[in-house]
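These notes are about the structure you will find just below.
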Amino acid sequence: MSSHSIRTAVVSAVVALTAVTATGCTATASAAPDGASRETAHWSYEGATGPEHWASLSEDYAACGTGRAQSPVDLDEDAAVETGAPVAVHYRPVTAEVVNNGHTVQANVSAGSTLVVDGTTYRLRQFHFHLPSEHTEDGEHAAMEMHFVHEDDQGDVAVLAVLMKAAKGHSAFTDLWKHLPAEEGGQSHLTRPIDLTRFLPRDRGQYRYEGSLTTPPCTEGVKWTVLDHEVRVTPGQVAAYRELFPRSNRPLQPRNGRELDHVDR
Ligand SMILES: [Zn+2]
């Protein structure tokens, strides 16, 4: 048994109890109909286990191939409808356990932060990163994308996405980047509370649509909010993340007539 599979087995047991920590990017197990936990298939971002093959790797991943409301999508300004209310972000300072899970760097955060979407409260569980961005704005990728993953009382998921632009100057990510675990399975603990609103742009104009997890099992019914202003990350920080994960974005998925809303603020 490799160290990887030992780690996966441990993670599986935890995931069965706290499924939301596995959403977003990092599902390593799923609940079978009998309630037992079982491991799911290895997946990646290239080659034989890459995105075009996800649906064939496991029957649990079928939605990755047959789903009609998948993420990410292009945020096409011309196709967007100006409608709806903005989501409300209520983030408190959090402590976090930062994990390199082989797909992303994910910070599992302490309780108390919420996102309110159309009157429903979702609790923040974790945030993590993709390189380059998964969503595009009018066809253009940002250097990176950050996903804040939330869950409501029914287990439904809402994700707040922030596009990250590479530019020199002040970066809100400097402290966090000192804690990126370099090895798969590595982790570090942020014991000093961090203010998550520092990772958000001041302008909260936003795109909203219904989509899916962007990683296996590609579960649909996810409420997406993508802020249309970017936050800054330095070119050096992008390069450091690329050293860990050279590429971690699922290709764009067809919108299939889904409505894309835009809310100005
Ligand atoms: Zn993600």
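The values are calculated or read from the model by the stated rules, or taken from the named source; none is laboratory data. Keep in mind the model is a prediction, meaning the values are calculated, not measured. Because the Cβ atoms are built from the backbone with ideal geometry, glycine has one as well, and the counts that use them run over all protein chains shown. Each accessible area value is taken on the protein alone, full model and side chains, heavy atoms only, with ligands, DNA and RNA left out. Shrake-Rupley method; radii C 1.70, N 1.55, O 1.52, S 1.80 Å.
From the helices alone, meaning DSSP H stretches of at least four residues, give me the mean residue ellipticity at 222 nm for the chain, per-run term -39500 (n - 2.57), in deg cm²/dmol to the nearest 500.
Values: 5 runs with 37 residues, N = 265.
Result for the chain, helices only: -3500 deg cm²/dmol.
If you count, for each residue, the other Cβ atoms within 10 Å and average over each peptide, how do 232-242, 123-133 line up from highest to lowest?
On the way: 232-242: 17.3, 123-133: 23.5.
Going from most to least packed, we get 123-133, 232-242.
Taking the radius of gyration and the Kirkwood hydrodynamic radius from Cα positions alone, what is the Rg/Rh ratio for segment 152-265, to two decimal places? Don't skip to the end; give the middle numbers.
Numbers: Rg = 16.1 Å, Rh = 16.5 Å.
Rounded to two decimals, Rg over Rh is 0.98.
Report the per residue volume, in Å³, of the convex hull enclosing the C-alpha atoms of segment 68-263.
114
I'd like to know how segment 61-134 sits against the 2.2 N^0.38 Å rule of thumb: what's its Cα Rg over that expected value?
Details: Rg = 15.8 Å, N = 74, 2.2 N^0.38 = 11.3 Å.
Working it through for segment 61-134, the quotient is 1.40.
With N set to the number of residues, divide the alpha-carbon radius of gyration of segment 114-156 by 2.2 N^0.38 Å and report two decimals. Walk me through the numbers on the way to the answer.
Numbers: Rg = 13.1 Å, N = 43, 2.2 N^0.38 = 9.2 Å.
So the Cα radius of gyration is 1.42 times the expected 2.2 N^0.38 Å.
Go from 0 up to the bin containing the longest alpha carbon distance in segment 38-168, width 5 Å each, and give me the % of pairs per bin.
Histogram of Cα-Cα distances, whole percents per bin: 2, 9, 13, 17, 23, 18, 12, 5, 1.
Using a 1.4 angstrom probe on heavy atoms only, work out the carbon and sulfur share of the accessible area of the chain in %.
Summing carbon and sulfur atoms, their accessible area is 51 percent of the total for the chain.
I'd like the distance separating the alpha-carbon centroids of segment 37-103 and segment 116-165, in whole Å.
The distance from the Cα centre of segment 37-103 to that of segment 116-165 comes to 9 Å.
Kindly work out what percent of the DSSP beta bridges joining two residues of segment 68-263 are antiparallel, to the nearest 5. Walk me through the numbers on the way to the answer.
Numbers: 47 of 58 bridges.
Approximately 80 percent, going by the DSSP bridge assignments.
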